[in-house]
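**Student:** Let me give you the structure first, and then I'll get to my questions.
The values are calculated or read from the model by the stated rules, or taken from the named source; none is laboratory data. If you're wondering where the values come from, they're calculated on a predicted model, not measured in any experiment. Reconstructed Cβ throughout: ideal geometry from the backbone, glycine too, with neighbour counts over all protein chains shown. Protein only, heavy atoms only, side chains kept; ligands, DNA and RNA dropped before computing areas. Shrake-Rupley method; radii C 1.70, N 1.55, O 1.52, S 1.80 Å.
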Amino acid sequence: MRAAVPPLAARATSVAGSPVRDILALTARPEVISFAGGLPAPELFDTKGMAAAFGAVLAESPRSALQYSTSEGDPGLRAAVAARLTGRGLPTEPDDLLVTTGSQQALALLASALLEPGDTVLVEVPTYLAALQCFRFAGARIVPVPSDDAGLNPVALEELVVAERPKLLYTIPTFQNPTGRTLPADRRRAVASVAERHGLWIVEDDPYGELRFDGESVPWLAGLPEAADRTVLTGSLSKVMAPGLRLGWLRAPAELRRACVIAKQAADLHTPTVNQLAAARYLADADLEGHLERVRGAYRERRDALLAGLGEALPAGSRWNRPEGGMFVWVSLPAGHDAAELLWEAVAHNVAYVPGAPFFATDPDPATLRLSFVTHTPEEIAEGLRRLARALHRRPAE
């Protein structure tokens, strides 16, 4: 008799897969206009510039490009990222940074370095779905901080910090995923002050900060003196260059950064060398600012196209916001609507979105949904909204 195979770890069976990824698989048909995935517009990638960077690296230094490299990351890439952060108002040295395989890995490394099973993590309402997965996989207890249209409430945050004694706060203060909202400067200062008084780590996730096309910039939490020694800033090249590079980074105090380096050594040794060298070469040779201006202009037009048509597409009484940048609009349907159930009707009309419920750590709101406006042209967005109107209003096909 053969013995039974040992079971999977409890965490491997207790954490659900990503509904967003499931929806992307469901809507992969080319006829579907999908507002579901946060996918940068592929026609806006600087393919010529990236090809030139990879070509130069492979022609000039193929042996090092194809070899193992350090866990901390390529010095040239860290220097380039540090220079960009410094230029944007956050003084940063190359040694302040750890290169990661996408900013998602940065969250996983931080969870490994900071969290014991049962530790409490505070998050916004709602918040980034993959961060919830990451913290749940680490065995953390996740507690939501009451939030409104401007972001998390600092007064409620302090009350929860006193009551729950959390290890860290995870926040996306600029163009948040999934809501697109931005935390105002006064609330940022209040959050930093809470962290200073109560010994709280802050993980400030900033994948969208360079995609501002309206309004004035606000300071990083990592740049506020009250929180500078207890804030980890994570970022990515996915939204400004290309997500297929899988290049992210974290900026952290020395002791925590070293712990993350060790965690990375256990995970993948290092991020692919050739991608790092090509990205560094691109940042040295290409006009990234000019590229970003084109991207921001296109995304502004696409946001405006989406906002212009939502009144006709959504049921009467729906509410939505107007983000100043990023990739997402957050919608609340009238009470009694279930966005997850309505999704099937939408897919039948060859249009898709992401229901909002999975983005809530607790007490999901079934009437919410997320719309990404960046992947399609204004003309495609208009057609997608016509399809959505037919689906949500049960209108006959025109």
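**Student:** Of the residues that sit in the range 111-138 and are of a type in the set (G, A, S) and touching a Ser or Thr at 6+ places or on another chain (Cβ under 9 Å), which one is nearest to V261 (Cα to Cα)? If you could, list the steps in order and put the result at the bottom.
**Tutor:** Taking the range 111-138 and keeping what is of a type in the set (G, A, S), we get 111-113, 118, 130-131, 138.
Subsequent filtering for residues that are touching a Ser or Thr at 6+ places or on another chain (Cβ under 9 Å) retains 130, 138.
Numbers: A130: 21, A138: 18 Å.
That would be A138.
**Student:** Go through the range 291-345 and count every residue that is under 17 Å from G209 (Cβ atoms) and assigned to a strand (DSSP E or B).
**Tutor:** Residues that pass the stated criteria total 2.
**Student:** Kindly indicate the residue of the range 109-128 that is without any contact (Cβ under 8 Å) to a residue 60 or more places away in the chain and not in a strand (DSSP E or B) and also nearest to P323 (Cα to Cα) among those meeting that condition.
**Tutor:** Filtering the range 109-128 for residues that are without any contact (Cβ under 8 Å) to a residue 60 or more places away in the chain and not in a strand (DSSP E or B), the one nearest to P323 (Cα to Cα) comes out as E124.
**Student:** Further, regarding this structure: Take the conditions open to solvent by 70 Å² or more (accessible area, probe 1.4 Å), touching a residue at least 60 places away in the same chain (Cβ under 8 Å) and of a type in the set (K, R) and apply them to R296. Does it pass? Break it down stepwise before answering.
**Tutor:** Details: open to solvent by 70 Å² or more (accessible area, probe 1.4 Å): no; touching a residue at least 60 places away in the same chain (Cβ under 8 Å): yes; of a type in the set (K, R): yes.
Taking the combined requirement at face value, the residue does not satisfy it.
**Student:** Could you list, ordered by first residue, the pairs with Cβ atoms under 7 Å in which the first is in the range 10-31 and closer than 15 Å to F135 by Cβ and the second is surrounded by 10 or more Cβ atoms within 10 Å (Cβ to Cβ) and at pLDDT 70 or above, at least 6 apart or interchain?
**Tutor:** Note: pairs meeting the criteria are R11/F137; R11/G139; V15/Q133; V15/R136; V15/F137; S18/L129; S18/A130; S18/Q133.
Each row is one residue, and each column tells you yes or no for (1) modelled with pLDDT of 95 or more; (2) open to solvent by less than 40 Å² (accessible area, probe 1.4 Å).
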position: L277; (1), (2): yes, yes
position: L292; (1), (2): yes, yes
position: R302; (1), (2): yes, yes
position: R319; (1), (2): yes, no
position: G336; (1), (2): no, no
position: W344; (1), (2): no, no
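**Student:** Can I ask one more? Out of (1) farther than 19 Å from L39 by Cβ; (2) outside any helix (DSSP H, G or I); (3) of a type in the set (A, V, I, L, M), the odd one out for V240 is which?
**Tutor:** It fails just one condition, (1).
**Student:** With the requirement that a residue be in contact (Cβ under 8 Å) with a residue 40 or more places away in the chain, surrounded by fewer than 23 Cβ atoms within 10 Å (Cβ to Cβ) and touching a Leu at 6+ places or on another chain (Cβ under 9 Å), what does the range 139-186 give you? Explain how you work it out, then say what you get.
**Tutor:** Start the filter on the range 139-186 by keeping residues that are in contact (Cβ under 8 Å) with a residue 40 or more places away in the chain, which leaves 139, 142-144, 149, 154, 158, 164-182.
Filter once more, so that each one left must be surrounded by fewer than 23 Cβ atoms within 10 Å (Cβ to Cβ): 139, 142-144, 149, 154, 158, 164-165, 167.
Matches in the range 139-186: G139, I142, V143, P144, E164, K167.
**Student:** Can I ask one more? For residues in the range 63-108 being in a helix (DSSP H, G or I) and charged (D, E, K, R), which is surrounded by the most Cβ atoms within 10 Å (Cβ to Cβ)?
**Tutor:** Ranking the candidates gives R78 first.
**Student:** Would you say V32 is among the β-branched types (V, I, T) and either in contact with a strand residue (DSSP E or B) (Cβ under 9 Å, 6 or more places away or on another chain) or exposed (fewer than 15 other Cβ atoms within 10 Å of the Cβ) (or both)? Explain how you work it out, then say what you get.
**Tutor:** Values: among the β-branched types (V, I, T): yes; either in contact with a strand residue (DSSP E or B) (Cβ under 9 Å, 6 or more places away or on another chain) or exposed (fewer than 15 other Cβ atoms within 10 Å of the Cβ) (or both): yes.
It is true that V32 is among the β-branched types (V, I, T) and either in contact with a strand residue (DSSP E or B) (Cβ under 9 Å, 6 or more places away or on another chain) or exposed (fewer than 15 other Cβ atoms within 10 Å of the Cβ) (or both).
**Student:** I would also like to ask the following. Residues in the range 254-273 that are under 22 Å from the mean Cα position of the chain (by Cα), more than 12 Å from L109 (Cα to Cα) and open to solvent by less than 50 Å² (accessible area, probe 1.4 Å): how many? Show your work before the answer.
**Tutor:** Restricting attention to the range 254-273, the residues satisfying the condition of being under 22 Å from the mean Cα position of the chain (by Cα) are 256-257, 260-261, 263-264, 267-268, 270-272.
Then drop every residue that is not more than 12 Å from L109 (Cα to Cα), which leaves 270-272.
Those left that are additionally open to solvent by less than 50 Å² (accessible area, probe 1.4 Å): 270-271.
Matching residues across the range 254-273 total 2.
**Student:** May I pose another question? Filter the range 29-51 for residues that are among the aromatic types (F, W, Y) and closer than 25 Å to W330 by Cα and give the result. Don't jump to the end; show me each part of the working.
**Tutor:** In the first step, residues of the range 29-51 are kept if they are among the aromatic types (F, W, Y); the result is 35, 45.
Of everything in the range 29-51, just one residue is among the aromatic types (F, W, Y) and closer than 25 Å to W330 by Cα, namely F35.
**Student:** In addition: Mind listing whichever residues of the range 187-233 are touching a residue at least 12 places away in the same chain (Cβ under 8 Å), surrounded by fewer than 19 Cβ atoms within 10 Å (Cβ to Cβ) and of a type in the set (D, E)?
**Tutor:** E196, D214, E226, D229
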